[in-house]
Structure formats: C-alpha cells, structure tokens
Amino acid sequence: MANTEASGGQSAFLSIRNICKEFSGVRAVNDVDLDIQQGEFFCLLGGSGSGKSTLLRMIAGLEKPSSGTIRIDGQDITETPAWSRPVNMMFQSYALFPHMSVEKNIGYGLRQDKWEKAEAEARVSELLELVQMKEYGKRKPHQLSGGQRQRVALARALARKPKVLLLDEPLSALDKKLREDTQRQLVAIQKEIGTTFIMVTHDQEEAMSIATRIGVMDNAKLIQVDTPRELYEKPANRMIAGFVGQVNIFEGQVSGSGKNQTIQSKDTGNALEVLGEHDLADGQTVWVAVRPERLLIKTRAKGRAAAAPNKAAGRVTDIMYLGNITHFEITLKSGKHVRLTISEHWDEEEATVRLGDRVEISFEKRAAVLLTR
Ligand code: ADP
Ligand code: MG
C-alpha cells in the first residue's frame, strides 16, 4: 500500500484506524487507515459507490462505524454523537432555509448554541465578509445566484468554528465556469481561516487543483494517499494512472532474472525499460505507464521498424489541433492505440507530422512508470 500510513503518527490531527462500515452485508468502507494534518485541504476521490460519502459521514458522526476508531485533535470521537463533535458538514446550497435571510441562515447554529446576541452578530458579520457577501445579509436565498447560495452554505457550516469541515461534492450542481470560480474561492477561504477541510469529489481535475493531498478510494478501500503531483507521477496501479489524467499503458512480460531481466511487450514489439531496480518474477505480467505529453514522435521511412527499447512503429490515425496543444492518436503495428500530445513548443520535425504518416514513437526511461497491478 502506497503511503496510506501515518505521515505524522500519533500527532496527526485527524486519525482514522481500521474503519469499516457494512450495510446489511455490503462493505461500503473496508479497513481504512488515514491520517490528516491540521490545516490540510484533503480530497477523497473515487468513482461512484466507492465509499467516499460513507467514510465522510462516519467522520461527521452521521454513520456509526462497524469497527475501527476516529480521533480528532487527540480525542477519540468514535462514540461521540454528531452534534457534539468538533466537525461540521457543509451540505449543498439547497439545504439553506428558504424563508430565512442570509444572516439568519448563517447564524442558525449560533442561536441553537445560545450565543450572546452581540457575539453572534459579530460572528455573522465576520462570516459575511469572509465569503464576500457583506451586502447580501438581508436577502433570502431565492434572491441569490447559485454561487452566492453556495457561499452562504459555506459560511453557515463554518459559523461554530468546527475543527474540521466536511464537504460532500459541494460543487457538483454548479456549471463548469462557476465551479472553477467557486473552487478558487474555497481554496482562498480555507487558506485564510486555516481550518482543516475534507472534501469528497468524483472529479479528478477538481481534486488535483484544490487538494494538498488526495486519498483515492476504489471498491470500499483507500488505495493511495498522496499529493496531486505524486499521484500523477507515481500512481500505485493502472486504475489510478488512468483516473488522474490521460495515460498510455503498455503491457509486458518479464523474462529472466537479476541484471539480465528484460520486459518484452507485444504492444510495442520491443523491450520496455524503466529506471530503478524492481523485484519482478520471471514470467510476470507488468505494465508501463507513459503520459501522452511524455511520448516523442518522429516520421519514419516505409518499412523501417524501430527495433530498440521504448520504441514502437505505427501510423497517425487522428490529429486534433487545439491551438496551444495538439492531440495525436497513433495506431501501433500491434493494433494498440496510443495518445500523444504536443504543446506549442514542438520541434520542426514534430510539426510536419500529418494524418496517415508512418511514425516512430518513443519515450525516455524516466518518463515510464512501472506498474505491477
Ligand atoms: P460514494 O460516495 O463513493 O459514491 P457511498 O459511500 O455513498 O459511495 O456508497 C458506498 C456503497 O455503500 C455503495 O454500494 C452504496 O450503495 C452503499 N450504501 C451507502 N449508504 C447506504 C445505506 N444507507 N444503506 C445501504 N447501502 C448503502
Ligand atoms: Mg457520495
């Protein structure tokens, strides 16, 4: 398992150990260990049904774990009821009270907690400022835009100063442009107040652009926890490699052992070579992942096959020119389709590649990631 272990050990702010959740025989969350540090903007990323919401709801106290423990700031809260946990969940904007003004919505929890009137008013005004809604305190939710309602929901969730704010796909109902603006605002607000945020999303771009670290869930398990960069550069398996960004995966068979070990690939018709030493068995199937932007391309003369490691011969079967970037589809002699992208700074030879051309693709060892599952 890649780096899901404690990065800060006992000192982690939120520490989850061996958490499981079963719903009438179905394992929704399977033996999850996770440590999150104070002030992180952590994203739980995974496909639908992978267990993200269930894990988040257990942190919130809205679901009771079948087994395992949850600690926040040194305190075991596994048995603590939701309302007295130092966490809060932000629900989507439609959960605002429609008949209450923005101010009343934001101050709702403070009135429940019987805050002094003056203190509560000061807190509400501070929050209105934080989410840039100062002029809108008297309005009702239906008099606001979607993005503004979202900010009110955020202010309301932050009102009682939770130690951890939980967000379950809060932006999924917004259109692309508004979603990107709201992502930026969320990051800015989180930085300003320093509260630990944990956000669930199935959108890998959203997670990559927002998170300090990402936990990838698949089939009830947490399978990798890393920074966005590490996830992209060192995915733990083929699923993650394909989930965070585009990738080409070449299958290969290991032969031999020790220094003479090679990986032969039917996909490329050549050997695959990667950096570093790997503990592989003779006959084992492995995969080498290469990002489209790390593949190199050049034209070749008829019949001239590329007989060298990390090279393959093929033909250009599609070109999509987008101005700043060009996408190529190359069909290799093996029939495998490969994606390759070239940014505007291409060299002259690359610039002359045309649809239907015979080409040779290649990649450097350092561009290749070896995967064993
Ligand atoms: P995600 O948020 O990643 O889409 P969920 O955590 O909502 O996934 O669900 C994980 C699995 O648990 C799914 O198979 C889902 O059907 C199941 N599940 C979630 N909540 C319940 C529930 N209250 N009762 C029964 N099954 C549930
Ligand atoms: Mg969910």
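Taking TYR321, TYR232 and ordering them by how much accessible surface each has at a 1.4 Å probe, largest first, produces TYR321, TYR232. Rg over Rh for segment 246-371 works out to 0.99, both radii taken from alpha-carbon positions and Rh defined as the Kirkwood radius. Could you work out how far the C-alpha centroid of segment 176-238 sits from that of segment 76-108, in angstrom? Between the Cα centres of segment 176-238 and segment 76-108 lies a distance of 23 Å.
ARG156 contributes an accessible area of around 50 Å² to the protein surface, as traced by a 1.4 Å probe with all chains present. Quick one: grab the alpha carbon gyration tensor of segment 192-274, order the square roots of its eigenvalues as a ≥ b ≥ c, and give me rounded if a/c is under 1.5, else prolate or oblate depending on whether a/b is larger than b/c. Prolate.
Sequentially through segment 165-175, phi angles give Karplus couplings (6.51, -1.76, 1.60; θ = phi - 60°) of 9, 10, 10, 9, 6, x, 10, 5, 8, 8, 6 Hz, Gly and Pro residues having no value and appearing as x. Placing +1 on the Cβ of every Lys and Arg and -1 on the Cβ of every Asp and Glu, with no other charges, gives segment 119-211 a dipole of roughly 360 debye about its Cα centre. Given the options PHE243, VAL164, SER101, identify the residue whose Cα lies farthest towards the positive end of the charge dipole of the chain (+1 on Cβ of Lys, Arg; -1 on Cβ of Asp, Glu). Going by the charge dipole, the pick is SER101. Rolling a 1.4 Å probe over the protein heavy atoms leaves CYS43 with an accessible area of roughly 0 Å². For ASP218, the amide hydrogen comes within under 5 Å of the amide hydrogens of ILE223, counting only partners 5 or more places away or on other chains and with H modelled in the peptide plane. Couplings 3J(HN,Hα) of segment 53-63, computed from phi: 5, 4, 5, 4, 5, 6, 5, 6, x, 8, 10 Hz, in residue order, whole Hz [Karplus 6.51 cos²θ - 1.76 cosθ + 1.60, θ = phi - 60°; x for Gly and Pro]. Here each label is just a point 7 Å from Cα along the line to Cβ, and for PHE23 and THR262 those points are 5.2 nm apart.
Residues whose amide H lies under 5 Å from that of ASP357, counting only those 5 or more places away or on a different chain, are VAL316; hydrogens are built 1.01 Å from N in the peptide plane.
With Cα atoms as the point set, segment 7-241 shows a radius of gyration and Dmax of 17.8, 56 Å.
May I ask what percent, to the nearest 5, of DSSP beta bridges between residues of the chain are antiparallel?
On the way: 57 of 77 bridges.
Taking every DSSP beta bridge within the chain, about 75 percent pair in antiparallel fashion.
For the chain, with all protein chains in place and a probe radius of 1.4 Å, 48% of the accessible heavy-atom surface sits on carbon or sulfur.
Normalised per residue, the accessible area of the chain is 51 Å², obtained with a 1.4 Å probe and no contribution from ligands, DNA or RNA. Relative to the longest principal axis of the chain, what angle (0 to 90°, nearest 10) does the C-alpha long axis of helix 117-130 take? It is inclined by approximately 20 degrees. Phi angles of segment 106-116 translate, via the Karplus equation with coefficients 6.51, -1.76, 1.60 and θ = phi - 60°, into HN-Hα couplings of 5, x, 3, x, 5, 5, 4, 7, 6, 5, 4 Hz per residue; Gly and Pro are given as x.
The angle separating the long axis of helix 146-158 from the principal Cα axis of greatest extent in the chain is about 70 degrees.
Entry note, the chain: the mean residue ellipticity at 222 nm calculated from DSSP H runs of n ≥ 4, each adding -39500 (n - 2.57), is -7000 deg cm²/dmol after division by the residues and rounding to the nearest 500.
The values are calculated or read from the model by the stated rules, or taken from the named source; none is laboratory data. Keep in mind the model is a prediction, meaning the values are calculated, not measured. Positions of Cβ are generated from backbone atoms using ideal geometry, with glycine treated the same way; all protein chains shown enter the neighbour counts. Only protein heavy atoms, including side chains, enter the accessible area calculation; ligands, DNA and RNA are left aside. Shrake-Rupley method; radii C 1.70, N 1.55, O 1.52, S 1.80 Å.
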